[in-house]
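Bear in mind that the values in this text are calculations on the coordinates, not laboratory data. Note that the coordinates shown come from a computational prediction; the quantities given were computed from them, not determined experimentally. For neighbour counting, all protein chains shown are included, and Cβ atoms are generated from backbone atoms with ideal geometry for every residue, glycine included.
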Amino acid sequence: MHIRSGFNKALSESSYPKFNPHITLATFDVSSVPLHTICSSIPTSQPSLTVDFKSIAIGSHYFRSVYLTIKPTHDLSTLHEHIHTTLGIEFRTPSFPHISLCYIDDDDAKAGERENFLREMESSGKVLRDGEDGVSLNCGEHGEEDWLAGFKAPEIWIVECEGPVEGWQILEKVPLQ
């Protein structure tokens with residue numbers, strides 16, 4: 001799903017890049033850890049992860065512009081901790097767990113673009129809030145409804161996030177059971 005706000009016509013080129021929605025499990029310099037070590041930090045018996053959306057929020061950072069907060073589960077939290085501990089890296093995953101819906105340049109954000117994006121999603125019927133403990137997104141196209149309140153994550157991607165977002169490279173996909 002890609003929605004671009006039409007309120008501000010002079011947007012930065014770094015706003016609204018195309019990217020694969022994801023939950024960041026760990027952030028570190030990939031050149032400092034061999035790929036096989038990163039892959040082996042994921043338990044071989046790791047089951048697929050159930051991901052349920054909790055709320056939608058406007059953030060104060062480019063990589064958390066407008067995002068879905070995720071209901072934390074024991075499996076997700078345990079995996080997050082296991083990867084950090086196994087790799088011996090510091091916990092640097094702000095607002096964990098979340099899925100960014102868009103990235104909006106900080107200058108555009110100062111002009112209200114993050115709020116405009118969320119307002120446009122709501123006014124176009126793409127967001128359904130279920131109190132404080134649930135949200136669904138209408139991912140349908142051309143007037144069709146296709147509501148998503150979560151999903152099952154069958155794999156973990158190891159991605160090199162260097163340079164512009166659209167240039168990020170998937171290095172490996174580790175299937176879950």
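Things worth noting here:
- Nearest-20 debye value, segment 30-175 charge dipole, Cβ charges on Lys, Arg, Asp, Glu: 420 debye
- Rounded to 10°, Cα long-axis angle of helix 74-87 versus longest principal axis of the chain: 60 degrees
- Tilt relative to the chain, helix 113-123 - C-alpha long axis, 0 to 90 degrees, to 10: 70 degrees
- Where only C-alpha atoms are counted, convex hull volume of segment 53-130 per residue in Å³: 87 Å³
- Contour excess over end-to-end distance, with Cα ends at Asp107 and Asp133 and 0.36 nm allotted per residue: 6.2 nm
- For the pair Arg64 and His142, label points projected 7 Å from Cα toward Cβ lie 3.9 nm apart.
- Put simply, the C-alpha atoms of the chain give a gyration tensor, and the ellipsoid matching it has half-axes of 29, 20, 14 Å, longest first.
- Considering only GluC sites (Glu not before Pro) in DSSP loops that have at most 15 other Cβ atoms within 10 Å, the longest stretch of the chain without any of them is 14-89.
- Cα centroid separation - segment 101-146 against segment 49-90, whole Å: 19 Å
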